[in-house]
Amino acid sequence: MRLLNSMMAALAVCVALPTAALAQSPPHQPEDTTAINEKQSVTAQKFMVTSAHPLATQAGYDVLAAGGSAADAAVAVQVMLGLVEPQSSGLGGGAFLLYFDKESGELTTYDAREKAPMAADGAYFLDENGEPVDFIEAVIGGRSAGVPGTPKLLEKLHADHGTTDWATLLQPAIEAAEEGFEVSQRMADAVADTEGLDRFVEAAEYFLPNGEPIGQGTLLKNPDYAETLRLFAKEGSAPFYTGEIAQDIVAALQTNINPGMLTMEDFAAYEVAMRDPVCTDYRGFEVCGMGPPSSGALTVGQILNLLEPFDLGEMGDGVEARHLFTQASRLAFADRGLYMADSDFVDMPQGLLDEGYLLERSKLINPDADMGVAEAGTPPWDEAMRLSPDTDRPKHGTSHFVIVDSAGDMISATTTIESGFGNRVMTRGFLLNNELTDFSFTPEAEGAPVANRVEPGKRPRSSMAPTFVLDDGAPVLLTGSPGGANIIDYTALSIIAMLDWDMDPQDAIDLPHVTNLNGGTRVEEGEGAQEMSDGLIALGHEVTVANLNSGLHVIQITENGLIGAADKRREGVAMGD
Ligand code: GLU
């Protein structure tokens, strides 16, 4: 047990911390956000929350400290994120959430992915000449929005596992929206960098007051959001699906450019789907995550399986290991592009995680040379059909959080409005998603359909990969990240770092990224990038040095307590007690 070694190492680190650091943690004080480069793993005995913003972590921490459940804390975290990190997630978007129930030992997944309008078809993102429309033009405006899943998710999660009064959970976000919150550096930078916010009145007034991007440190109030949350507190999710908020969303999506097609019927028909987790074995642990419509667990699972024949532990981190990682990722992304989509609509091979298939496929990995663009394999499949592959683009929205409560119930959730600021259309104090641009714009190629094509009522394929690692049925790690399709590589690397390289959560998160989505290899800019690039180029890689902006939030569960950490590339913190 490597993990055991890792726990001991991590605890040794905690014990070795100077007294001042120990006094600070637990609980970690979120006010300390200027010291972003000094983040370190936080330890706790009873409960913990790690999210992308100090105020969201604080909201979750307060709920847990008052004896609330993980489900309660998730509600408080999400409604606060929707206010203070509005570019990434919110009531106008969707999410995938893994829930572990300590008493039954059961892991379930909530699929609150957005759905396409019933009136949509394969030509949804084609122009009058049958050509795919320009990506950014497709993002902006009402057409790219699917029916949001997040309001129903929060209500259902609370109904299933909540113990704290519903309205109480929304109160801190209501107060922060009324009294104002300080605009963070990241939010200010995101506003300044984002195209299209000026095209819609509500978003322009809120994010570009007097025509200028809102600055860091501004005290920003959102009375419309406070009012929305009050209604949510009083009437639950009904106003979002059959009432006045749904009506406002449908109306707001009738934009001049790219008007939406969603109707009140689409909203009324929306349900959160409960699905079994998708699990695979890795080094004696069970790695479980979100199945279709996400490609997250299948692709992370393939990468890990493809790497299992290689002794990464012995090898340690370096060019050799990262080369192997990129090759496994190439192979996994090839299968993802061809086969993975919303399985309620598309038959998928049942053998995508078949051990024999992946063992055979791992033989395609040459430790001494980049394989170039990988072709999809032929996994075991009862109903083989001819498909055409889909491609991907990296994104910058989305947020990930993890929670452990004092009863031992746990959550790993990735939540999104897709691109930063979604489709830029705002109503009732929140932004609407552009999740439908996660579909393939091309419905077919060379006479064969693309699995991830637009279809009425379908959910677009996701890369989101909220993950649990279990040892003998008991969770030992919670992980996940934003980052578009890079999410898959970020999440897989965090698992390898902790299981193969005995790293604690902060060291695992801090590792520089190297990704390959079956195209060129990207090496994260910063210290060591040159050396890594040179090493990979020598093996035949085409390398781009890039800003690989993960937002990994991780909790490790050990016999001696909880160890949590937040990604230094973003603004979040871990807090526990
Ligand atoms: N919409 C993306 C997905 O579901 C996530 C976007 C992001 O991480 O920025 O895969």
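The values are calculated or read from the model by the stated rules, or taken from the named source; none is laboratory data. All figures in this text were calculated on a predicted structure; none of them were measured in a lab. Here the Cβ positions follow ideal geometry from the backbone for every residue, glycine too, while neighbour counts run over all protein chains shown. When the accessible area is computed, the model is the full protein with side chains, heavy atoms only, and any ligands, DNA or RNA have been set aside. Shrake-Rupley method; radii C 1.70, N 1.55, O 1.52, S 1.80 Å.
Residue by residue, here is whether (1) modelled with pLDDT of 95 or more; (2) under 20 Å from Thr467 (Cβ atoms); (3) surrounded by 24 or more Cβ atoms within 10 Å (Cβ to Cβ); (4) of a type outside the set (Phe, Trp, Tyr) holds:
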site	(1), (2), (3), (4)
Met290	yes, yes, yes, yes
Ser294	yes, yes, yes, yes
Ala297	yes, yes, yes, yes
Leu307	yes, yes, yes, yes
Phe310	yes, no, no, no
Val319	yes, no, no, yes
Ala334	yes, no, no, yes
Tyr339	yes, no, yes, no
Phe345	yes, no, no, no
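Per-residue answers, yes or no, for (1) free of Cβ contacts under 8 Å to residues at least 12 places away in the same chain; (2) charged (D, E, K, R); (3) in contact with a Gly (Cβ under 7 Å, 6 or more places away or on another chain):
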position: Leu387; (1), (2), (3): no, no, no
position: Gly397; (1), (2), (3): no, no, yes
position: Met410; (1), (2), (3): no, no, no
position: Arg424; (1), (2), (3): no, yes, yes
position: Pro449; (1), (2), (3): no, no, no
position: Leu470; (1), (2), (3): no, no, no
position: Ala485; (1), (2), (3): no, no, no
position: Ser494; (1), (2), (3): no, no, no
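So, Leu431, is that one hydrophobic (A, V, I, L, M, F, W, C) and within 16 Å of the ligand (Cβ to nearest atom) or not?
For Leu431, the condition - hydrophobic (A, V, I, L, M, F, W, C) and within 16 Å of the ligand (Cβ to nearest atom) - is met.
Total residues in segment 366-417 satisfying the condition of being farther than 30 Å from Met575 by Cα, among the charged types (D, E, K, R) and modelled with pLDDT under 95: the figure is 6. Does Lys115 satisfy the criteria of being open to solvent by 20 Å² or more (accessible area, probe 1.4 Å) and within 16 Å of the ligand (Cβ to nearest atom)? The answer is yes for Lys115.
Look at segment 253-271: where a residue is on the phi > 0 side of the Ramachandran plot and a partner is buried (at least 19 other Cβ atoms within 10 Å of the Cβ), sitting 6+ places away or on another chain with Cβ atoms under 8 Å, you get Asn258/Ala138; Asn258/Ile140; Asn258/Gly141; Asn258/Gly142; Asn258/Arg143; Asn258/Ser144.
Let's see how each residue does on (1) more than 28 Å from Asp534 (Cβ to Cβ); (2) acidic (Asp, Glu):
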position	(1), (2)
Ala297	yes, no
Ile303	no, no
Ala321	no, no
Gly372	no, no
Glu375	yes, yes
